[in-house]
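One structure is given below, encoded as structure tokens.
The values are calculated or read from the model by the stated rules, or taken from the named source; none is laboratory data. Worth saying up front: this structure is predicted, and the values here are computed from it rather than measured. Reconstructed Cβ throughout: ideal geometry from the backbone, glycine too, with neighbour counts over all protein chains shown.
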Amino acid sequence: MDSLKIKGGRPLKGEVEISGAKNAALPIMTAALLTGGTHTLCRIPNLRDIATMGRLLAHMGAEYRFENGTVTLETSRIGTREAPYDLVKTMRASVLVLGPLVARFGDAWVSLPGGCAIGARPINLHLMGLEKMGAKITLESGYVHAKANRLKGTRICFDMPTVTGTENLMMAACLAKGTTILENAAREPEIADLAQCLAAMGAKIQGAGGSIIEIQGVDSLKPIDRYAVTPDRIETGTFMAIAAVCGGDLLLKGCRPDHLDAVIAKMRDTGVDFHESKKGLRVVGPRRLVAKDIKTAPYPGFPTDMQAQFMAMMTVAKGTSIIKETIFENRYMHVAELQRMGADISIDGGNATVRGVDKLKGAPIMATDLRASASLVVAALCAKGESVIHRIYHLDRGYDHMDEKLRRIGAQVERISSS
């Protein structure tokens, strides 16, 4: 497994080109299963999870190619409707093939999903929705088997907002007979991006990005034609945190600041300056951050995917901050690693109390999940001395060549190959 060696304490300045959003690209790739033909997707990040999804679609019979940020998928000859455990176990987003397969073929076998170990993330809301649309659902030997002659439009109210559940059922509803209404739907920008792509394929969708989405089913869709996915708001937020904690001055190009209103507002409170222009979003960190509290919430609230990075900022802020995690019950695994670097953090249930220290110190540390790995990068960049972050395959799942982007802005970062 590769590691990252980082010597912290260097001033970081320059430009960062923000990549396309992994969490938009993955569902859009599965949307290609809704119809046969050649699909082209642009601004796709070069990530481990993208490659995993490509292998999964290829296993089903699709022809998959990734080149210079463009994915090409030929889906006319889908032979198997099975998403096997060996592929699904490493990436929870694999469950997104379920809705498209049932909608187009009337049959799907999908292994129960895996991914980061950040708490229970059941797919019961996905299955509840498909059952309401007329699918027969059975669980057999760790697999979900969904079967339907043709799905039927209906009204589905989620007990709680679910991003992948909203995406799965929205895709399934595109080919259902009649109208489907999703209530208490998740509102993340990636859902609106998927809806925009589906509309370009001929789907009839209204309200995506809001809590009520209406989908009028159609008989068929056309292939995706050079659709460019939205910029990655979490990569943007992570580089914002890096600028903030290092007293840096970064220009983030190609990002969507309007997707990060809650994060920008909170970072402003800590002393970070933001300047938006046609060139991008300029982020200037203060001499020292001021401690502020956060509480994670579904979009448009403060995203759980930015909690760990914000905590890393608060470890060297002036004062004490309270961080409340309300989305996942096991998303403080980075705390022990930050403590190894000298952070003063205590946990009480879903609350973390962070007492800012003058300096973190470099140490050997280990990434435990995707966003935890990003928080350790943030911490290592501002720490005194050298840190080695082990198991960065987590980082490679969600950040496109992060080490290269860091070196371009002046960071002293070296990738150490396991070989």
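Taking the listed residues A173, A148, the one that is out of contact with any Leu (no Cβ under 6 Å at 6 or more places or on another chain), under 23 Å from D225 (Cα atoms) and in the same structural domain as M29 (by TED's automatic domain parsing) is A173, with no other qualifying. Scanning segment 152-172 for residues that are touching a helix residue (DSSP H, G or I) at 6+ places or on another chain (Cβ under 8 Å), buried (at least 17 other Cβ atoms within 10 Å of the Cβ) and of a type outside the set (S, T, N, Q) returns G153, I156, F158, V163, G165, E167, L169, M170, M171, A172.
Scanning segment 93-115 for residues that are touching a Ser or Thr at 6+ places or on another chain (Cβ under 8 Å), modelled with pLDDT under 95 and either of a type in the set (F, W, Y) or under 19 Å from S141 (Cβ atoms) (or both) yields S94, V95, V110, S111, P113, G114. Checking the conditions here, which among I345, I389, I322, I365 is free of Cβ contacts under 8 Å to residues at least 40 places away in the same chain and either surrounded by 24 or more Cβ atoms within 10 Å (Cβ to Cβ) or under 30 Å from D49 (Cα atoms) (or both)? Going through I345, I389, I322, I365 in turn, the sole match is I365.
Kindly indicate whether T75 is surrounded by fewer than 15 Cβ atoms within 10 Å (Cβ to Cβ), farther than 30 Å from L360 by Cα and in contact (Cβ under 8 Å) with a residue 24 or more places away in the chain. So T75 does not fit the description; no. For the condition crowded, with 22+ Cβ neighbours inside 10 Å, in contact with a Ser or Thr (Cβ under 7 Å, 6 or more places away or on another chain) and of a type outside the set (F, W, Y), G8 qualifies. Candidates L260, L221, L252: the one that is assigned by TED's automatic domain parsing to the domain that holds I28 and either surrounded by 23 or more Cβ atoms within 10 Å (Cβ to Cβ) or in contact with a helix residue (DSSP H, G or I) (Cβ under 8 Å, 6 or more places away or on another chain) (or both) is L221.
Scanning segment 392-407 for residues that are touching a Lys or Arg at 6+ places or on another chain (Cβ under 6 Å) and buried (at least 24 other Cβ atoms within 10 Å of the Cβ) yields a single hit, G398. Residues in segment 332-347 that are charged (D, E, K, R) and part of a strand (DSSP E or B): D344 only. Every condition in (1) under 24 Å from T40 (Cα atoms); (2) without any contact (Cβ under 8 Å) to a residue 24 or more places away in the chain is met by D269 except one, and the failing one is (1). Quick one: which residue in M314, M402 is within 22 Å of M91 (Cα to Cα) and either among the aromatic types (F, W, Y) or at pLDDT 95 or above (or both)? Being within 22 Å of M91 (Cα to Cα) and either among the aromatic types (F, W, Y) or at pLDDT 95 or above (or both) holds for just one of M314, M402, which is M402.
Within segment 298-322, the only residue that satisfies the criterion of being hydrophobic (A, V, I, L, M, F, W, C), more than 16 Å from the chain's Cα centre (by Cα) and farther than 26 Å from V388 by Cα is I322. Of all residues in segment 179-212, those satisfying the criterion of being over 17 Å from P27 (Cα atoms) and surrounded by 22 or more Cβ atoms within 10 Å (Cβ to Cβ) are T180, L182. Within segment 285-319, restricting attention to residues that are surrounded by fewer than 17 Cβ atoms within 10 Å (Cβ to Cβ) and out of contact with any Lys or Arg (no Cβ under 9 Å at 6 or more places or on another chain), the residue that is nearest to P161 (Cα to Cα) is A297. Scan segment 374-387 and tell me whether some residue there is at pLDDT 95 or above and within 30 Å of A185 (Cα to Cα). Scanning segment 374-387 turns up at least one residue that is at pLDDT 95 or above and within 30 Å of A185 (Cα to Cα). Report whether or not T80 is in contact (Cβ under 8 Å) with a residue 24 or more places away in the chain and either in the same structural domain as H259 (by TED's automatic domain parsing) or not charged (D, E, K, R) (or both). So T80 does not fit the description; no. Scanning segment 257-290 for residues that are within 14 Å of I18 (Cβ to Cβ) and either at pLDDT below 95 or not aliphatic (A, V, I, L, M) (or both) returns P257, D258, H259, E276, K279, G280, R282. Would you mind stating whether A244 is small (G, A, S) and closer than 30 Å to M201 by Cα? Against the criterion (small (G, A, S) and closer than 30 Å to M201 by Cα), A244 does not qualify.
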